[in-house]
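Read through the structure below, which is laid out as structure tokens, and then see the notes.
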Protein chains: 4
Amino acid sequence: MSADAAIPDPALVALRDALRRFAAERDWDPFHSPKNLAAALSVEAAELLEHFQWLTEDASRNLAPEARAAVAEEMADVLLYLVRLADKLDVDLAAAAVAKIDRNAQKYPVEKSRGSSRKYDQL
Amino acid sequence: MSADAAIPDPALVALRDALRRFAAERDWDPFHSPKNLAAALSVEAAELLEHFQWLTEDASRNLAPEARAAVAEEMADVLLYLVRLADKLDVDLAAAAVAKIDRNAQKYPVEKSRGSSRKYDQL
Amino acid sequence: MSADAAIPDPALVALRDALRRFAAERDWDPFHSPKNLAAALSVEAAELLEHFQWLTEDASRNLAPEARAAVAEEMADVLLYLVRLADKLDVDLAAAAVAKIDRNAQKYPVEKSRGSSRKYDQL
Amino acid sequence: MSADAAIPDPALVALRDALRRFAAERDWDPFHSPKNLAAALSVEAAELLEHFQWLTEDASRNLAPEARAAVAEEMADVLLYLVRLADKLDVDLAAAAVAKIDRNAQKYPVEKSRGSSRKYDQL
């Protein structure tokens with residue numbers, strides 16, 4: 001059930017390096033405390049959500065091309081802050097995600113959670 | 001200044017596939033509309049922020065190991081929902097992030113934005 | 001179309017005073033910078049949203065009594081941080097809300113916005 | 001330690017009524033499911049946080065007049081969605097807030113929480 005933790009992630013490493021250069025060139029490191037990056041990340045997540053807030057679920061499955069492009073740009077913003085925060089905290093994002101899938105598999109056993117959106121402590 | 005868009009991202013693909021299996025085994029696809037996933041993503045981003053809300057910026061740079069592990073787990077949650085949403089919307093996350101770095105480089109020219117946290121429309 | 005700005009708000013004043021006492025008794029004022037309070041407010045707003053993230057819109061209109069009570073408690077958290085932030089920034093919340101309704105009436109003229117969820121700059 | 005639950009809140013009632021008229025005139029009620037309103041509220045809370053994300057805590061205590069006015073407008077947006085959601089769910093906001101202060105007083109006893117930002121389950 002788990003993804004293979006040994007798979008390398010050159011794309012995430014390349015993003016990390018590009019963001020390091022971007023911040024260094026602009027002297028932005030003083031602003032990039034983990035606290036500030038976490039705030040910025042949650043602001044971007046909300047900008048992503050804003051695109052969906054008045055849509056029905058069905059409409060959200062059928063975005064027009066321009067809406068989809070705008071949504072993709074907000075998703076990029078979230079990923080960029082996430083990669084930047086991981087760099088500052090020395091977290092291996094891909095490994096953390098693989099580990100979390102394994103933990104979720106234990107919290108949500110297939111038999112108990114099938115077809116239910118209940119939280120693990122209410123199964 | 002840009003990351004190389006051609007770099008493959010096996011880690012993100014592996015996560016996507018693991019999440020597909022996870023949802024399929026539990027019949028969770030009906031819950032995973034883009035609208036719902038965007039809401040869940042922003043909730044996880046807030047849970048990440050919660051760890052930092054009363055910390056000073058300096059303290060956020062020096063997390064104790066347990067706090068750092070808890071933060072890494074919230075970051076994993078954000079990445080998992082982001083990968084899942086990208087799958088549902090058929091968005092190439094890594095390519096979108098590379099494109100966004102390029103756009104940001106245009107919005108924030110080095111000379112104008114050095115040492116400033118002002119938004120691009122206020123430079 | 002506007003609410004009456006002159007209406008007093010004894011409930012909001014009483015909450016402000018209760019929160020002042022609460023923080024003073026616990027020496028919490030140093031934590032309550034506007035930046036931190038804004039972060040805490042957005043975390044509480046996400047905890048509110050969490051209750052709805054997997055529900056259909058119809059289900060969200062028909063909460064069971066326990067779910068409704070839990071939701072009311074999260075709404076209270078949002079209001080408390082909002083009142084506390086308003087106190088720290090010396091903002092008259094009720095007056096600001098009345099003024100915003102008037103601005104919204106101009107941004108969303110009845111004829112143009114009827115039955116549409118489009119944003120004012122896309123009408 | 002508690003605020004007086006019996007205090008009436010004419011300002012909140014006036015806002016509720018103004019928002020009812022506003023939505024009715026624009027046929028917006030179909031969009032205003034509790035789920036959608038909770039999402040919109042959290043988006044506004046993030047827009048509020050955005051003003052503070054790169055500021056130091058000290059700078060957040062000393063906003064320039066234009067920044068303070070912009071922040072007050074975002075706070076108004078949060079209050080308006082909160083009042084609208086309370087109306088849809090038939091929640092008495094002021095009473096819920098008073099009850100929450102009392103619960104917090106029990107969760108955070110003065111002696112145990114003085115000068116500490118730790119969560120109640122970690123006191």
Has segment C:43-57 got any residue that is of a type in the set (Val, Ile, Thr), within 17 Å of the chain's Cα centre (by Cα) and at the interface with another protein chain (Cβ under 7 Å from one of its Cβ atoms)? yes
In segment C:22-57, what residues are polar (S, T, N, Q) and either crowded, with 24+ Cβ neighbours inside 10 Å or within 20 Å of A:Arg118 (Cα to Cα) (or both)? C:Asn36, C:Ser42, C:Gln53, C:Thr56
Among the residues of segment D:75-107, write down those that are within 21 Å of C:Ala64 (Cβ to Cβ) and either at the interface with another protein chain (Cβ under 7 Å from one of its Cβ atoms) or in contact with a Ser or Thr (Cβ under 9 Å, 6 or more places away or on another chain) (or both). D:Leu85, D:Ala86, D:Lys88, D:Leu89, D:Val91, D:Leu93, D:Ala96, D:Ala99, D:Lys100
On the basis of being of a type in the set (Lys, Arg) and buried (at least 22 other Cβ atoms within 10 Å of the Cβ), does C:Arg84 make the cut? yes
When you check C:Arg20 against the structure, is it part of a helix (DSSP H, G or I), touching a residue at least 40 places away in the same chain (Cβ under 8 Å) and under 22 Å from D:Asp102 (Cβ atoms), yes or no? yes
Condition broken by A:Leu79, with the remaining ones in (1) under 24 Å from B:Leu63 (Cβ atoms); (2) surrounded by fewer than 24 Cβ atoms within 10 Å (Cβ to Cβ) satisfied: (2)
Taking the condition within 14 Å of chain C (Cβ to nearest Cβ) and modelled with pLDDT of 95 or more, does A:Ala72 pass? no
So how many residues does segment D:64-83 have that are in contact (Cβ under 8 Å) with a residue 40 or more places away in the chain and closer than 13 Å to C:Ala96 by Cα? 2
When you go through A:Ser60, A:Ser113 one by one, which is the residue that is within 22 Å of B:Pro30 (Cβ to Cβ), at pLDDT 95 or above and of a type in the set (Gly, Ala, Ser)? A:Ser60
What about B:Ser60, is it under 30 Å from C:Lys35 (Cβ atoms) and of a type outside the set (A, V, I, L, M)? yes
Filter segment D:58-69 down to the residues that are surrounded by 14 or more Cβ atoms within 10 Å (Cβ to Cβ) and not in a loop (DSSP other than H, G, I, E, B), then identify the one that is nearest to the other protein chains (Cβ to nearest Cβ). D:Ser60
Among the residues of segment A:27-45, are any in contact with a helix residue (DSSP H, G or I) (Cβ under 6 Å, 6 or more places away or on another chain) and closer than 19 Å to B:Leu15 by Cβ? yes
Considering B:Ala96, B:Ala105, B:Ala86, which residue is out of contact with any Phe, Trp or Tyr (no Cβ under 6 Å at 6 or more places or on another chain) and free of Cβ contacts under 8 Å to residues at least 60 places away in the same chain? B:Ala96
How about segment D:105-123: which of its residues are in a helix (DSSP H, G or I) and surrounded by fewer than 19 Cβ atoms within 10 Å (Cβ to Cβ)? D:Ala105, D:Gln106, D:Lys107, D:Val110, D:Glu111, D:Lys112, D:Tyr120, D:Asp121, D:Gln122
Kindly evaluate A:Ala11 against the criterion of being in a helix (DSSP H, G or I) and either aromatic (Phe, Trp, Tyr) or surrounded by fewer than 24 Cβ atoms within 10 Å (Cβ to Cβ) (or both). no
Out of (1) within 24 Å of B:Val110 (Cβ to Cβ); (2) in contact with a helix residue (DSSP H, G or I) (Cβ under 9 Å, 6 or more places away or on another chain), what's the single condition that is false for A:Ala24? (2)
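The values are calculated or read from the model by the stated rules, or taken from the named source; none is laboratory data. Owing to the predicted nature of the structure, the values given are computational and were not obtained by experimental measurement. Reconstructed Cβ throughout: ideal geometry from the backbone, glycine too, with neighbour counts over all protein chains shown.
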